[in-house]
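A quick write-up on the structure given underneath.
We did not get these values from a lab; they are worked out from the coordinates using the rules stated. Here the structure is a predicted model, which is why all the values come from computation and not from measurement. Positions of Cβ are generated from backbone atoms using ideal geometry, with glycine treated the same way; all protein chains shown enter the neighbour counts.
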Amino acid sequence: MTQTILVTGGAGFIGSNFIHYTLKNHPDYKVIILDALTYAGSTDNLPAESLVEHDDRVLFRYGNIMNADMVDALMAESDMVVHFAAETHVTRSIYDNRNFFETDVLGTQTLVNAALRHREKINKFIHISTSEVYGTALSEKIDEDHPLMPMSPYASAKCGADRLIYSYWQTYKLPLVTIRPFNMFGPRQHLEKVIPRFITSTILGEPLTVHGDGSAARDFMFADDLCRGIHLVLDAESSAVTGEVFNMASGTHRSIKSIAEEILDGLKIDHSQISYIGDRPGQVFRHTGDWSKAHSVLGWSPEVSWEDGLKRTLEWYTGHHDFWKKQLWMRAIPIITETGKVELH
Ligand SMILES: NC(=O)c1ccc[n+]([C@@H]2O[C@H](COP(=O)([O-])OP(=O)(O)OC[C@H]3O[C@@H](n4cnc5c(N)ncnc54)[C@H](O)[C@@H]3O)[C@@H](O)[C@H]2O)c1
């Protein structure tokens with residue numbers, strides 16, 4: 001029987017990759033997209049058919065996840081939820097963070113309360129959390145039992161939502177599952193995020209601005225690998241995944257400086273160069289994800305290599321100037337650093 005998935009934040013980076021992935025690979029699902037089209041979301045990211053009222057596989061609904069009446073009506077039409085919608089940019093959360101706590105915490109509360117009202121119908125609710133909730137790694141690899149030590153307002157807002165989901169599982173036994181992706185990259189990511197910023201700066205012949213000495217290291221994974229992982233959770237026996245948390249990661253880390261160098265090499269444009277500014281406050285210094293739980297429970301492992309993912313991403317940005325040139329003005333945000341200086345990050 002066809003299942004309908006309510007996808008929040010589907011007009012953003014990962015959400016839109018998930019929509020395209022689902023339409024291509026899972027003809028058995030219908031999708032309703034709920035998105036408030038903030039600066040980070042765009043109908044340009046969506047398949048054209050989602051904007052047509054009579055398409056029976058995918059439908060876009062403009063709206064805010066904090067609108068309880070609207071969420072309730074959409075929940076009544078759905079069987080499953082994949083919840084991506086959030087304010088997502090660490091630097092922006094240092095500049096101005098109120099809407100992070102509103103959307104990420106209260107938005108999640110609104111959604112999960114609606115799921116509670118429709119608990120007879122909703123058979124799975126996947127909450128997309130983030131590895132940022134862990135803070136800097138205390139061990140070689142971060143597994144799901146690593147302490148939660150959020151280091152930025154974004155991370156703490158997401159941590160609030162992550163624990164809210166846990167508490168609703170404990171209290172109501174709703175069919176809730178949490179995924180903590182590590183850093184994602186791929187087509188349609190906003191220019192404020194590091195890989196698209198480096199790629200487009202290189203294409204434009206501008207300096208690639210690296211925080212600190214560039215040794216901060218993250219675990220980057222291509223977005224399609226996460227989309228595949230989410231579908232494995234959707235298809236899994238409820239008893240195997242309900243109430244669980246799964247990391248999804250590549251399992252390796254790369255320094256930000258090495259990524260800047262690889263992008264310069266990959267695009268073969270030699271008039272750009274790396275420039276350094278102060279460290280970002282709340283910087284996480286190293287993140288490497290342990291994905292063994294997702295492997296043992298779901299049979300999931302990352303499949304797209306860093307090299308292949310980067311090549312596909314470079315090709316996408318090289319071929320989509322019209323998409324990203326509208327975002328150029330939003331690449332840098334003025335924040336006060338630890339030394340009290342205002343810097344564009
Ligand atoms: N990008 C990453 O590397 C990464 C890593 C781990 C986890 N995540 C998580 O994955 C999810 C998606 O991240 P992304 O990078 O695609 O984000 P994004 O910023 O590209 O997109 C967010 C989307 O949510 C929408 N949105 C924001 N506030 C809303 C509201 N109040 N109501 C309805 N829609 C709203 C925006 O319009 C946008 O379309 C987020 O929950 C994020 O925390 C992202």
request  = Scan segment 161-196 for residues that are within 14 Å of the ligand (Cβ to nearest atom) and more than 16 Å from the chain's Cα centre (by Cα) and report the count.
outcome  = 2
query = Looking at this structure, is Leu111 within 11 Å of the ligand (Cβ to nearest atom) and under 29 Å from Pro47 (Cβ atoms)?
reply = yes
query = Which of the residues spanning segment 11-37 are outside any helix (DSSP H, G or I), crowded, with 17+ Cβ neighbours inside 10 Å and within 8 Å of the ligand (Cβ to nearest atom)?
reply = Ala11, Gly12, Leu34, Asp35, Ala36
Counted residues, segment 38-57 - those being in contact (Cβ under 8 Å) with a residue 24 or more places away in the chain and within 16 Å of the ligand (Cβ to nearest atom) = 11
message = With the requirement that a residue be within 24 Å of Asp219 (Cα to Cα), of a type outside the set (S, T, N, Q) and touching a residue at least 40 places away in the same chain (Cβ under 8 Å), what does segment 306-323 give you?
response = Trp306, Asp308, Gly309, Leu310, Lys311, Arg312, Leu314, Trp316, Tyr317
request  = Mind listing whichever residues of segment 323-340 are out of contact with any helix residue (DSSP H, G or I) (no Cβ under 9 Å at 6 or more places or on another chain), loosely packed, with under 12 Cβ neighbours inside 10 Å and of a type outside the set (Gly, Ala, Ser)?
outcome  = Trp329, Glu338, Thr339
task = Just need a number here: residues in segment 304-345 that are under 18 Å from the mean Cα position of the chain (by Cα) and closer than 29 Å to Glu244 by Cβ.
result = 3
task = Answer yes if at least one residue in segment 73-86 is touching a Gly at 6+ places or on another chain (Cβ under 6 Å), assigned to a loop (DSSP other than H, G, I, E, B), among the small types (Gly, Ala, Ser) and near the ligand (Cβ under 8 Å from one of its atoms), and no otherwise.
result = yes
request  = Give segment 110-125 a look and list any residue that's assigned to a strand (DSSP E or B) and surrounded by fewer than 24 Cβ atoms within 10 Å (Cβ to Cβ), or say none.
outcome  = Lys124
